[in-house]
Amino acid sequence: MPVQSVVIRDPAFHSRLLLQQYLYLLKRYPILTKSFTSGILSALGNLLSQVLEKRAKAKRGCQAKDIDTFGIARFAVYGVCVTGPISHYFYQLLELLVPSSAPCCMVKRLLLDRLVFAPAFLLLFFVVMNILEGNKWPALQAKLRVSYWPALIMNWKVWTPFQFININFVPVQGQAK
């Protein structure tokens with residue numbers, strides 16, 4: 001049976017090469033790969049958030065701030081140093097605590113993630129960001145009083161369906177936060 005050739009200029013060819021390289025790095029250097037992936041995605045997420053906020057303010061005729069490059073850098077550092085490594089170990093621990101053979105494993109995993117990991121991870125986010133912003137303890141306390149519960153509730157509302165899929169259907173080596 002003849003094999004069909006793929007033109008090297010075909011974008012699908014490059015996409016497959018990138019995916020293969022990423023999967024190789026994920027297998028060979030899981031923590032490092034997940035860390036840098038988290039750093040890049042966190043930085044891009046923060047940039048997108050700032051751009052959308054700037055556009056919304058411009059539509060309302062309000063003065064919009066310039067893009068905060070230090071904010072983008074803080075999110076990149078957080079992704080590399082915190083999200084990547086902690087998520088890697090958490091998902092491995094979750095696999096040990098609630099193996100796929102356990103009764104009701106899908107629900108148990110989701111409940112552990114949403115009711116134990118998410119609140120602790122969000123608290124860690126506020127603490128680390130407070131440190132990276134150079135703020136003192138009183139600023140953290142004030143931020144937590146105002147923002148923690150609304151952020152946690154929004155986290156539960158937005159991320160629960162995605163986490164259900166991530167925890168239960170993505171192989172543990174590919175899981176990310």
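The values are calculated or read from the model by the stated rules, or taken from the named source; none is laboratory data. Quick caveat, the model's predicted, so the values are computed rather than measured. Glycine also receives a Cβ, built like all others from the backbone with ideal geometry; neighbour counts cover every protein chain displayed. All accessible areas refer to the heavy atoms of the entire protein, side chains included, with ligands and DNA or RNA removed. Shrake-Rupley method; radii C 1.70, N 1.55, O 1.52, S 1.80 Å.
Go through the range 42-71 residue by residue and tally those that are farther than 28 Å from Val82 by Cα, open to solvent by 80 Å² or more (accessible area, probe 1.4 Å) and charged (D, E, K, R).
Residues in the range 42-71 being farther than 28 Å from Val82 by Cα, open to solvent by 80 Å² or more (accessible area, probe 1.4 Å) and charged (D, E, K, R): 3 in total.
Between Leu25, Leu19, the distinction of being open to solvent by 70 Å² or more (accessible area, probe 1.4 Å) and aliphatic (A, V, I, L, M) belongs to Leu19 only.
From the set of residues in the range 157-177 that are touching a residue at least 12 places away in the same chain (Cβ under 8 Å) and open to solvent by 80 Å² or more (accessible area, probe 1.4 Å), which is nearest to Phe36 (Cα to Cα)? Steps first, please.
Of the range 157-177, the ones touching a residue at least 12 places away in the same chain (Cβ under 8 Å) are 159-160, 163-164, 167-168, 172-177.
Add one more test, that the residue is open to solvent by 80 Å² or more (accessible area, probe 1.4 Å), and what stays is 159, 173.
Values: Trp159: 21, Gln173: 15 Å.
That would be Gln173.
Restricted to the range 3-93, the set of helices (runs of 4 or more DSSP H) holding at least 3 residues that are under 27 Å from Ala118 (Cβ atoms) and modelled with pLDDT of 95 or more comprises 30-59, 69-78. Residues in the range 129-150 that are open to solvent by less than 60 Å² (accessible area, probe 1.4 Å) and of a type in the set (S, T, N, Q): Asn130, Ser147.
For the range 101-128, the tally of residues that are free of Cβ contacts under 8 Å to residues at least 12 places away in the same chain, open to solvent by 50 Å² or more (accessible area, probe 1.4 Å) and either under 21 Å from Gly39 (Cβ atoms) or not in a helix (DSSP H, G or I) (or both) stands at 4.
Among the residues of the range 75-95, none qualifies, meaning not one is free of Cβ contacts under 8 Å to residues at least 40 places away in the same chain and of a type in the set (D, E, K, R).
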